[in-house]
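Student: One structure coming up, written as C-alpha cells, with questions to follow.
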Amino acid sequence: MLNAETKRRLDACRNILVGKLPLPTDQIELITLALIYKFMDDLDEESVKLGGKRSFFVGLLEKYRWRALLPQTVSADERMNLFAEGLEAIGKAEHLPALFRDIFRNSFLKFRDGRILTLFLNEVNGFVYSHSEELGNAFEYLLKTMGIQAENGQFRTPRHIIDFIVACLDPQPSDRILDPACGTGGFLVSCYKHILAKHTSPGSTIAGDKLTHDQRQKVYSNLAGYDVTDLMVKLSKVNLFLHGFPDPAIHIYDTLTNEARWNEKADLILANPPFMTPKGGVSPHTKFRVSAKKSEVLFTDYIAEHLTPDGRGGVIVPNGIVATTQKAYVKLRKFLVEDSLVAVVSLPAGVFKPYSGVKTSILFLDKRLARQTKEILFLKITADGFDLGDKRNPIEANDLPEAEQVIKAWFAGKLNGLTTTPVAWKLAEKKALLEHRACNLQADALFGDTVVEVSDHDEIPLGELCEILDSQRRPITKSDRKAGPIPYYGATGIVDYVDGYLFDEPLVLVGEDGAKWGANEESAFAVSDKTWVNNHAHVLRPDRSRILDAYLIAILNRIDLMQYVTGVTVPKLNQANLREILIPLPRLEEQRRIVAEIEGYQKVLDGARQIRAGYRFSSMSRLTGNRDRSAKFADSLITVARRRRNPRAASRSSPREMSGLASSAANRPSL
C-alpha cells in the first residue's frame with residue numbers, strides 16, 4: 001500500500017521536473033530510472049552489510065554509485081555529468097543482468113541543469129523501501145499519472161476495467177497469456193495478481209503459497225507482452241520485475257508490421273489496442289485475414305487468429321468495431337461471430353475520461369464455447385462505479401460486479417431466462433446476426449434502442465480535404481483592438497468586433513483550445529465575408545470539389561472529437577491531430593441530401609421551440625384547455641428532431657416515443 005510520504009515525494013519529483021520535462025512520459029521515465037538506480041545501489045549496500053559483495057556497481061560502474069552522486073563536495077555540474085554518464089554506462093554494463101541493461105538501454109538525461117537535477121536526486125534519495133513490492137507500489141502510482149494520449153493513439157486503461165476483464169476470463173497458472181499492445185503491463189500484472197489470489201491459502205501472508213515452485217516459474221515464463229515503443233517496453237518490464245518477475249518476457253515488437261512472431265499462439269490474449277491509423281508510411285503486413293488500415297481492426301483480427309484451439313480473449317474496442325459498415329469492419333465482425341465471439345459488453349461513453357470520451361465495448365472470445373453455442377451474450381453497462389465527468393469521481397452505482405456474475409454463468413453454461421440481475425443482458429442468435437447486412441454488434445439494438453449505423457463510405461483524413469490556414473491567424477490583445485464592424489472570432493464564436501480583417505471568404509472554424517469537443521457540442525462553425533480569427537480556432541478552407549462546408553461542419557459536430565484532444569490541464573486539439581480526423585466522404589450529391597435533411601430537422605426544431613415559447617408565455621385564457629397538449633406536442637417535436645439530428649441521442653429514443661409523437665400529431669389542437 002502506498003503511504004502518504006511516498007506519494008508526496010513522487011508528486012514533488014514531478015513538480016521539480018515539470019519545468020525541464022513538460023511531458024508526463026519523460027518525467028515518469030526519469031523518476032523510474034532514478035528509483036531503479038537507487039534500488040540497485042541499495043541492494044549492493046544490503047549485500048555488504050550481510051557480509052557479501054556488491055554485484056551492481058563494481059568495476060567501471062563503481063564511480064557511478066548512487067551514493068557517489070550525493071555528497072555536498074560534488075558540485076552540481078559534476079553531479080549532473082556523473083548521473084548522465086551513469087545512465088548510459090548501466091545500459092552497456094555486460095556484468096549486469098539483462099533486465100537492468102534493458103531498462104537503461106538508450107537512456108540519457110534529457111536536460112542539462114545541475115541545480116534542478118540536484119533537487120530531484122535529493123528528493124529521490126528520501127525514498128525508503130525494504131522490498132521491491134514497496135517500490136512497485138510507488139511505480140503503480142506513477143503509472144496512474146500517465147493517462148495522457150500517446151502519439152500512437154493509446155490511452156491508459158482504467159484499472160477497474162482491466163480487473164473486470166481479467167476476473168471474467170479467470171486466467172490459470174498453466175495459461176500462456178499475451179498482451180500484444182501491452183503498454184505499461186497493466187493486463188499482465190492483473191492476471192498475475194488474479195492467479196496468486198486464487199492460489200493463496202486463507203489467512204496466509206504469502207501470496208500464491210499454494211503454487212508449487214514449478215508452477216510459479218511457469219507463470220513467470222507464460223506471461224508475455226509486445227509493444228512498439230521502447231519506453232513502454234521498459235516501463236512494462238519494470239512493472240513486472242517489481243511484482244516478482246525475474247526476467248519479464250516483454251518485447252519490442254510491432255504486431256501490425258512485423259511477421260517474426262506471427263506463428264506464436266496464446267491460451268489467453270487481453271488487450272486495449274491503440275485506436276488509430278498507422279502513420280509515417282507504416283504499412284501492415286499481409287498475413288491478416290482482414291485487410292484494413294485501422295489498427296483496432298487489425299489488432300482484433302490478430303487476437304482472434306492467435307488464440308489456441310480452446311483459447312480465450314478480451315479486447316477493448318471503439319464503437320466502430322461493433323457498428324461501422326465499411327467492408328473491413330463487417331468482414332471482421334462476421335469472422336468473429338463464426339469463429340470465437342461469445343459476449344459483447346457495451347461500456348458507457350466516458351470510461352476513458354478525461355483523456356477521451358470515446359464510446360467503447362469489450363469483446364469476449366472463447367473458441368471452445370463458441371463451438372458449443374449458437375448464441376452470443378450482450379450486456380449493457382450503464383454505470384461502472386465512477387461518474388462520467390472528467391474527474392471520474394467514485395459513485396455507488398456499479399454494474400460491473402453483476403455483469404461479472406452473468407458472464408461467468410454464461411461461460412459455465414448456467415445462464416438461462418430465469419437468471420435475474422439488475423444488469424441488462426440478452427442472448428442473440430448467431431444466425432440472425434450473420435443474416436443482418438452489416439452484422440451489427442451494437443448492444444443498444446437489442447435493448448429496444450434505435451441504432452444508427454456508421455457510414456460505410458471511405459473515411460478520409462481531414463488534412464487531405466482541407467487547406468489549413470492557421471499560419472494566417474493573428475490574435476489581438478483586448479487593449480490593442482480597435483473597434484469596428486468586423487467580427488473577431490475565437491474558439492467558440494465571435495469574441496469582439498474590430499477594425500480590419502484577415503480573411504474575406506467562406507471558411508470553417510474549429511476550436512483549438514477553450515472549446516468543447518464532445519459529440520454534438522458544435523465544435524465547428526461557418527464564417528463568411530470579412531473576418532478576423534485569433535489563435536484559439538483552426539481555420540479550414542475545404543476543397544469544395546470534394547466536400548461541402550455544411551457537410552464538413554455537420555460531421556465534425558456529430559463525432560466525438562475528444563479522442564483527438566491531448567492535454568489534461570489545458571486540453572487542446574492540435575493541428576497534427578486535426579489533420580488525422582477521419583471524415584466519411586460520400587459523393588457531393590449525397591452530401592447535399594444529408595445537409596438538406598439536417599436542415600429540415602433544424603427547421604422543425606426551431607419551429608417547435610417557437611410553438612413551445614408561444615404557449616408557455618400565452619396568457620389567453622381561451623387557450624388554457626389546449627395549452628398542455630400543444631406544449632407536449634411541441635416538446636415531442638423538439639425531442640425527435642434533436643434525436644434525428646443527433647445520432648447519439650437517437651440511440652436512446654424508443655418505438656414507444658415515436659408512436660407517442662404520431663399520436664400527439666393526430667390529436668394536436670387546431671390553432
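Only the coordinates and a few stated rules stand behind these numbers; no lab work does. For clarity, every value in this text was computed on a predicted model and none was experimentally measured. Here the Cβ positions follow ideal geometry from the backbone for every residue, glycine too, while neighbour counts run over all protein chains shown.
Student: Each label point is 7 Å from the Cα along the Cα-to-Cβ direction; what then is the distance between the points at ASP170 and ASP504, in nm?
Tutor: Simple spin-label model gives 7.4 nm for this pair.
Student: Can you sort LYS20, LYS234, LYS92 by how many other beta carbons sit within 10 Å, fewest first?
Tutor: On the way: LYS20 17, LYS234 24, LYS92 12.
Fewest-to-most ranking of LYS20, LYS234, LYS92: LYS92, LYS20, LYS234.
Student: Note the full-extension length gain between ASP247 and GLU590 as 0.36 nm times their separation in residues minus their Cα-Cα distance, in nm to one decimal.
Tutor: Details: separation 343, 0.36 × 343 = 123.48 nm, distance 5.72 nm.
Result: 117.8 nm gained on full extension.
Student: Also, quick follow-up: What net charge is computed for the residues neighbouring ASN222, neighbours being all others with C-beta under 9 Å from the C-beta of ASN222, Lys and Arg scored +1, Asp and Glu -1?
Tutor: My count for the surroundings of ASN222 gives 0.
Student: For ASP77 and ASP513, compute 0.36 nm times the residue count separating them, minus their Cα-Cα distance, and round to one decimal in nm. Before the final figure, lay out each step's value.
Tutor: Details: separation 436, 0.36 × 436 = 156.96 nm, distance 3.92 nm.
Net length gain for the segment: 153.0 nm.
Student: May I pose another question? If neighbour count is taken as other Cβ atoms inside 10 Å, put MET40, MET562 in order from fewest to most.
Tutor: Details: MET40 21, MET562 25.
Ranked by crowding around the Cβ, least crowded first: MET40, MET562.
Student: Under 5 Å between amide hydrogens, which residues at least 5 positions from ASN574 or on another chain qualify, with H placed 1.01 Å from N in the peptide plane?
Tutor: Sorted by chain and number, the residues that satisfy this are THR566.
Student: Tell me, in nm to one decimal, what length is gained between ARG216 and ALA576 on full extension, where the rule is 0.36 nm per residue of separation less the Cα-Cα distance?
Tutor: Values: separation 360, 0.36 × 360 = 129.60 nm, distance 4.63 nm.
Full extension of this stretch gives 125.0 nm more.
Student: Which entries of LYS327/LYS391; LYS237/LYS353; LYS391/LYS426; LYS49/LYS218; LYS7/LYS210; LYS234/LYS408 have Cα-Cα distances beyond 30 Å here? Display every interim value, and only then the final one.
Tutor: Details: LYS327/LYS391 37 Å; LYS237/LYS353 27 Å; LYS391/LYS426 32 Å; LYS49/LYS218 33 Å; LYS7/LYS210 33 Å; LYS234/LYS408 34 Å.
Among LYS327/LYS391; LYS237/LYS353; LYS391/LYS426; LYS49/LYS218; LYS7/LYS210; LYS234/LYS408, the Cα-Cα distance tops 30 Å for LYS327/LYS391; LYS391/LYS426; LYS49/LYS218; LYS7/LYS210; LYS234/LYS408.
Student: Roughly what would the spin-label model give for GLU85 and THR421, points 7 Å off Cα along C-beta, in nm?
Tutor: Taking the two extended label points, one gets 6.2 nm.
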